[in-house]
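Trainee: Starting off with a structure, shown below.
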Amino acid sequence: MIYDLDDLNVTVSRALMPLDDSRVGEFFRYLIFTGTQIVSYNDRVCIAQIFNTDFENKVAVNAKVFYNLLPKVGASEVEIKETPTSLIIKTNKTKASIAKSNAEELINKIDQINFEPDWKPLPQEFLAGLAICSDTASKDPAEPAMNCVYVNGSTIAATDDVRVSEFKMASKFNGKILIPAKTAKEVCSLEGLTHYAVSDAFVSFRDKGNSKQIHARLVNLEFPMYQFLFKFDIRQEITLPVEEVEQAARYVMPTAVEDEYGYKPMDIKIRGSKCTFKTMNPDAAFAQYTFKLGRPADDIYFEINPSFLIHAIGIANNLKIGDDCALFETGNFRHLVALMGE
């Protein structure tokens, strides 16, 4: 069968998600041709892209070899034939053979995924809430439930030992799910998702034309109770200047250093009417940015990821200060951080 090379190239790239070349083969080891789709799969996610082939059976090939070969074909069309042991890829000037991979177990797992579930329209704010809450999830492997983002009805939430994020959607998500924050970010990286479905093992998403699907494996654990943390006595409430906060966070971000769990902390100190952002790395390089608040506030000190703050401050610049915590809150989003001693 003859295939348009550009169409095949785009479909394969999308099936492998927006990965750089060095990660292809590390993230998804195989590409599977099902007859109607090109599918990639690992233990967390399955990506399916519409693409029709005339192979007699489902065929698995090495993802990295196939991905790297296509750009080098140098033609507008390519013929791909199936043999008992390989795929033969031919043009007028070139010919290549890619061995079929022995991936029967993987193909059996894909056969268990429902690619035509009961789709429902995705709540309009879902992806925005999923993206911002995923930054708060713990990266400590000893806390598997807190490595996830929790969705229940109109609520999206994530937490670690010192932070909690909660996003409220105007409409409800039909189900209660727990997915790894890493998977949540991958879902959010795919453009054009409009529908979802929930099964016992997966939450699935697709685009409007159903040409693209992502199926994320659910985590079967209980998400910790967190709502009581938002109930505290407020000592003071201040409004942070959005543009100043964004400028300060961007200035100090280059010297932020990941901790052992991949979190990049930034110190925030408020002393009276002055607010100081600071980051430092082991080489003693540091960056500091100080600006004035509209009015004096209580002295507080806490840590926050600068990239997260840039993302969050536009929707939550109202800061409520308690005895041992501070709460960013505006409208449908709130983010709680524990205060620290110096």
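The values are calculated or read from the model by the stated rules, or taken from the named source; none is laboratory data. Note that the structure is a prediction, hence the values are computed from the model and not measured. All Cβ positions, even for glycine, are placed from backbone atoms using ideal geometry, and neighbour counts span all protein chains on display.
Trainee: Tell me, please, whether a residue that is assigned to a helix (DSSP H, G or I), more than 26 Å from the chain's Cα centre (by Cα), surrounded by fewer than 19 Cβ atoms within 10 Å (Cβ to Cβ) and modelled with pLDDT under 90 can be found in the stretch 49-59.
Mentor: Looking for residues that are assigned to a helix (DSSP H, G or I), more than 26 Å from the chain's Cα centre (by Cα), surrounded by fewer than 19 Cβ atoms within 10 Å (Cβ to Cβ) and modelled with pLDDT under 90, one finds none in the stretch 49-59, hence no.
Trainee: Yes or no: A326 touching a residue at least 60 places away in the same chain (Cβ under 8 Å), of a type outside the set (V, I, T) and in contact with a strand residue (DSSP E or B) (Cβ under 8 Å, 6 or more places away or on another chain)?
Mentor: Answer is no for this residue.
Trainee: Something else about it: For the stretch 71-114, name all the residues that are under 23 Å from I214 (Cα atoms) and either in contact (Cβ under 8 Å) with a residue 60 or more places away in the chain or of a type in the set (S, T, N, Q) (or both).
Mentor: S101, A103, L106, I107, N108, K109, I110, Q112, I113, N114
Trainee: Name every residue in the stretch 147-160 that is closer than 13 Å to H335 by Cα and either in contact with a Pro (Cβ under 9 Å, 6 or more places away or on another chain) or modelled with pLDDT under 95 (or both), in order of residue number.
Mentor: The initial filter retains those residues of the stretch 147-160 that are closer than 13 Å to H335 by Cα, namely 156-160.
Selection gives T159, D160.
Trainee: Might you let me know whether the stretch 139-153 holds any residue that is in contact with a strand residue (DSSP E or B) (Cβ under 6 Å, 6 or more places away or on another chain) and surrounded by fewer than 18 Cβ atoms within 10 Å (Cβ to Cβ)?
Mentor: Yes, the conditions are met somewhere in the stretch 139-153.
Trainee: Just checking, does the stretch 140-147 include any residue being in contact (Cβ under 8 Å) with a residue 12 or more places away in the chain and touching a Cys at 6+ places or on another chain (Cβ under 6 Å)?
Mentor: no
Trainee: Could you tell me whether the stretch 126-134 includes any residue that is among the hydroxyl-bearing types (S, T, Y), modelled with pLDDT under 90 and not in a strand (DSSP E or B)?
Mentor: The first filter runs over the stretch 126-134 and keeps only residues among the hydroxyl-bearing types (S, T, Y), leaving 134.
After this cut, where a residue has to be modelled with pLDDT under 90 as well, the list is none.
No - not one qualifying residue is present in the stretch 126-134.
Every residue, every condition in (1) closer than 16 Å to N305 by Cα; (2) among the aliphatic types (A, V, I, L, M), yes or no:
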residue	(1), (2)
I132	yes, yes
T136	yes, no
Y150	no, no
T155	no, no
D161	yes, no
E166	no, no
A170	no, yes
L178	no, yes
